[in-house]
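All of the numbers you see were taken from the coordinates with simple rules; none came from a lab. Computed from a prediction, not measured in an experiment: that's the story for all the values here. When we count neighbours, we look across all protein chains shown, and the Cβ atoms used for this are built from the backbone with ideal geometry, even at glycine.
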Amino acid sequence: MGRPRKTIKEKQLKGTYRKDQDRKPTLITGLGLDTTPPQFLSKMQAIEWQTLLSVLDERILIEADKTMLSMLAISIHEFKRQSTALAKEGMTMQGGTKQNPKVRLVEKARKDILELSAHFGLSPKTRANIELPEQPKKLSELDKIMLMK
């Protein structure tokens, strides 16, 4: 596996940015993501889906991301559900001789969450690599007054 690609901002800070060697960003055109959760999600999974949607930047999501976002919501819900059950039942079964099968389920859900959340930039490391389109700058009331002539 090669080194991760540096962002334009990182290259500019280091002074190595060259516009002629820069890849043109892929412009995604079309409709954005429909904000209603998919029908196949349970009520609690749909709540997780809405929570994820509220923290993600809508400018980077399209309809094709709906399935992956659903998988992440399902994994988060499963992680919480199995962790709660594990806290009640304990890590071992049959007098402490056998590992509770929920331990493996919690670990699998944890791995799925880490992998899927990286695709959406939900960790500080992956968030640094996401380049969002410029947002129009909102002028404060003072700026509006200063710009009037």
Notebook entry, point to check: Which Cα, out of 76, 50, 106, lies furthest along the positive dipole direction of the stretch 40-108 (beta carbon charges, K/R +1, D/E -1)?
Noted result: 106
Next item on the list: Find out how many positive minus negative residues lie around residue 77, taking Lys and Arg as positive, Asp and Glu as negative, among other residues whose Cβ is under 15 Å from that of residue 77.
Entry: +3
Notebook entry, point to check: For residue 8 and residue 110, what is the calculated FRET efficiency with R₀ set at 30 Å and r taken between the beta-carbons, to the nearest 0.05?
Noted result: 0.35
